[in-house]
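A.B. asks: Shown below is the structure under consideration.
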Amino acid sequence: MSRDIHGVAIVTKLNSRVAEETANTIVKILTAQNVTSYSILPLMLQGSKPVSYSDLVNSNVDMAIAIGGDGTTLRACRGMPPDIPLLPMNIGGNRGILSEIGADSIDGAVHSVLDGNYLLERRLRIFAKVNGTQTFPALNEILCTRTNVMRTPYFSIKVLGDEINQRMDGVVVSTPTGSTGHSYSLGGSLLQENLESLIIVPIASINRMPSIVVSVDSITIQSNYDTNLILDGQEIYSIPSRQNISISRYPIDSTFIRFKKRGLKQLVKLGF
């Protein structure tokens, strides 16, 4: 399902010249098609309106473009209003697992979107609540890790009516989107990106606890030592010992702009 495009928000990798040059090119294409562009501060582009993420709530923006790598895409997903679909471009980034196009497809991709030739793909997100405080949503994962590297914490994980108790350095709760990220580097399985599931991956479990794929359900984690709660590698919260960390599905999914259906997109991006 597509929609008419009248306004486009643009976010780039910070301090990336090639990403900014690409953004300037896109602004020129949009201007020629009478489409208004909005550059997310601190990005400043000639012919584009500079705005903050909060300014987009009441703006005439129909889609956003993230120019950079996966980090830029994750930052954009967290900042954009929930009803704005995102087109990720891997320009100036590294792996670009979440990206849809590269530097060789800019002109064609922008025109395809303006012509309505695209698909919308939804990806589930998760968030945490600790002592009444709610975190930002995470597209990839929530990492609970020890703050004192001289001690091995005792973690309790409650999910689907059962409780797992293990000594380990930490635990990752990942979405299918994030299964190619931190979870994958720890030996977790790759999940098909549109599954309604989560994967729980231990970090250096003394008893070699396996990773566990579960249906989307509330997960409660507690540690007997202070922990850091890290969302998508970009937001960090300090959690005191013995505080319940309740992880649940965020009520609003992220939406990506795609040009064709691919069931194993992330696996292919990893080179398999």
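A.B. asks: What is the residue count in the range 26-55 for residues that are within 16 Å of Val113 (Cβ to Cβ) and either open to solvent by 70 Å² or more (accessible area, probe 1.4 Å) or part of a loop (DSSP other than H, G, I, E, B) (or both)?
C.D. replies: 6
A.B. asks: Sticking with this one: Could we say that Ser246 is among the polar types (S, T, N, Q), open to solvent by 50 Å² or more (accessible area, probe 1.4 Å) and within 26 Å of Asn148 (Cβ to Cβ) here? First the steps, then the outcome.
C.D. replies: Details: among the polar types (S, T, N, Q): yes; open to solvent by 50 Å² or more (accessible area, probe 1.4 Å): no; within 26 Å of Asn148 (Cβ to Cβ): yes.
So Ser246 fails the test.
A.B. asks: Val213: aliphatic (A, V, I, L, M), more than 24 Å from Asp169 (Cα to Cα) and without any contact (Cβ under 8 Å) to a residue 60 or more places away in the chain, yes or no?
C.D. replies: Spelling it out, it is not the case that Val213 is aliphatic (A, V, I, L, M), more than 24 Å from Asp169 (Cα to Cα) and without any contact (Cβ under 8 Å) to a residue 60 or more places away in the chain.
A.B. asks: Among the candidates Asn165, Asn207, Asn131, Asn194, single out the residue that is among the polar types (S, T, N, Q), in contact (Cβ under 8 Å) with a residue 60 or more places away in the chain and over 15 Å from Asn228 (Cα atoms).
C.D. replies: After applying the criteria, what remains is Asn194.
A.B. asks: Looking only at the range 191-211, how many residues end up being surrounded by fewer than 18 Cβ atoms within 10 Å (Cβ to Cβ), of a type in the set (S, T, N, Q) and touching a Lys or Arg at 6+ places or on another chain (Cβ under 9 Å)?
C.D. replies: Summing the residues that are surrounded by fewer than 18 Cβ atoms within 10 Å (Cβ to Cβ), of a type in the set (S, T, N, Q) and touching a Lys or Arg at 6+ places or on another chain (Cβ under 9 Å) in the range 191-211 gives 2.
A.B. asks: Can you name every residue in the range 63-98 that is free of Cβ contacts under 8 Å to residues at least 60 places away in the same chain, open to solvent by less than 30 Å² (accessible area, probe 1.4 Å) and assigned to a loop (DSSP other than H, G, I, E, B)?
C.D. replies: Hits for the range 63-98 are Gly69, Pro81.
A.B. asks: Moving on to the next point. Is it the case, given these coordinates, that Ile101 is at pLDDT below 95, closer than 16 Å to Ala76 by Cβ and touching an Asp or Glu at 6+ places or on another chain (Cβ under 7 Å)?
C.D. replies: Working: at pLDDT below 95: yes; closer than 16 Å to Ala76 by Cβ: yes; touching an Asp or Glu at 6+ places or on another chain (Cβ under 7 Å): no.
For Ile101, the condition - at pLDDT below 95, closer than 16 Å to Ala76 by Cβ and touching an Asp or Glu at 6+ places or on another chain (Cβ under 7 Å) - is not met.
A.B. asks: Would you pick out the residues in the range 161-184 that are of a type in the set (Ser, Thr, Tyr) and closer than 22 Å to Asn148 by Cα? It would help to see each step written out before you state the result.
C.D. replies: Pass one, the range 161-184, residues of a type in the set (Ser, Thr, Tyr): 174-175, 177, 179-180, 183-184.
The one that is of a type in the set (Ser, Thr, Tyr) and closer than 22 Å to Asn148 by Cα: Ser183.
A.B. asks: Same structure, new question: Note down all Cβ pairs under 8 Å where the first residue falls in the range 48-62 and is among the β-branched types (Val, Ile, Thr), the second is not in a loop (DSSP other than H, G, I, E, B), and they're at least six residues apart or on different chains.
C.D. replies: Between residues of the range 48-62 that are among the β-branched types (Val, Ile, Thr) and residues that are not in a loop (DSSP other than H, G, I, E, B), the close pairs are Val51/Ala9; Val51/Tyr38; Val51/Ser39; Val51/Ile40; Val61/Gly7; Val61/Val8; Val61/Ala9; Val61/Tyr38.
A.B. asks: Okay, next question. Just to be sure, is Ser189 of a type in the set (Ser, Thr, Tyr), without any contact (Cβ under 8 Å) to a residue 40 or more places away in the chain and touching a helix residue (DSSP H, G or I) at 6+ places or on another chain (Cβ under 8 Å)?
C.D. replies: In short, yes.
A.B. asks: Across the range 241-272, what is the number of residues that are of a type in the set (Asp, Glu) and part of a helix (DSSP H, G or I)? Working first, answer last.
C.D. replies: Of the range 241-272, the ones of a type in the set (Asp, Glu) are 253.
Add one more test, that the residue is part of a helix (DSSP H, G or I), and what stays is none.
Of the residues in that region, 0 qualify.
A.B. asks: Test Ala9 against the criterion of being closer than 26 Å to Arg125 by Cβ, in a helix (DSSP H, G or I) and modelled with pLDDT of 95 or more, and give yes or no.
C.D. replies: When the stated conditions are applied, Ala9 does not pass them.
A.B. asks: Looking at this structure, is Gly71 over 15 Å from the mean Cα position of the chain (by Cα) and at pLDDT below 95?
C.D. replies: For Gly71, the condition - over 15 Å from the mean Cα position of the chain (by Cα) and at pLDDT below 95 - is not met.
A.B. asks: So, one more: Can you pull out every residue in the range 104-135 that is of a type outside the set (Lys, Arg), farther than 18 Å from Phe256 by Cβ and either surrounded by 13 or more Cβ atoms within 10 Å (Cβ to Cβ) or touching a Leu at 6+ places or on another chain (Cβ under 7 Å) (or both)?
C.D. replies: Phe127, Ala128, Val130, Thr135
A.B. asks: Moving to a separate point now. Looking only at the range 23-47, which residues are of a type outside the set (Phe, Trp, Tyr) and under 22 Å from the mean Cα position of the chain (by Cα)? Talk me through it step by step, then tell me what you get.
C.D. replies: Here is the first cut: in the range 23-47, the ones of a type outside the set (Phe, Trp, Tyr) are 23-37, 39-47.
The answer is Ala23, Ser39, Ile40, Leu41, Pro42, Leu43.
A.B. asks: Could you count how many residues in the range 139-198 are touching a Ser or Thr at 6+ places or on another chain (Cβ under 6 Å) and of a type in the set (A, V, I, L, M, F, W, C)?
C.D. replies: Final tally of qualifying residues: 7.
The values are calculated or read from the model by the stated rules, or taken from the named source; none is laboratory data. Because the structure is predicted, anything quoted here is derived from the model rather than measured. With ideal geometry, Cβ positions are generated from the backbone for all residues, glycine too; neighbour counts draw on all protein chains shown. Accessible surface areas use protein heavy atoms only, side chains included; no ligands, DNA or RNA. Shrake-Rupley method; radii C 1.70, N 1.55, O 1.52, S 1.80 Å.
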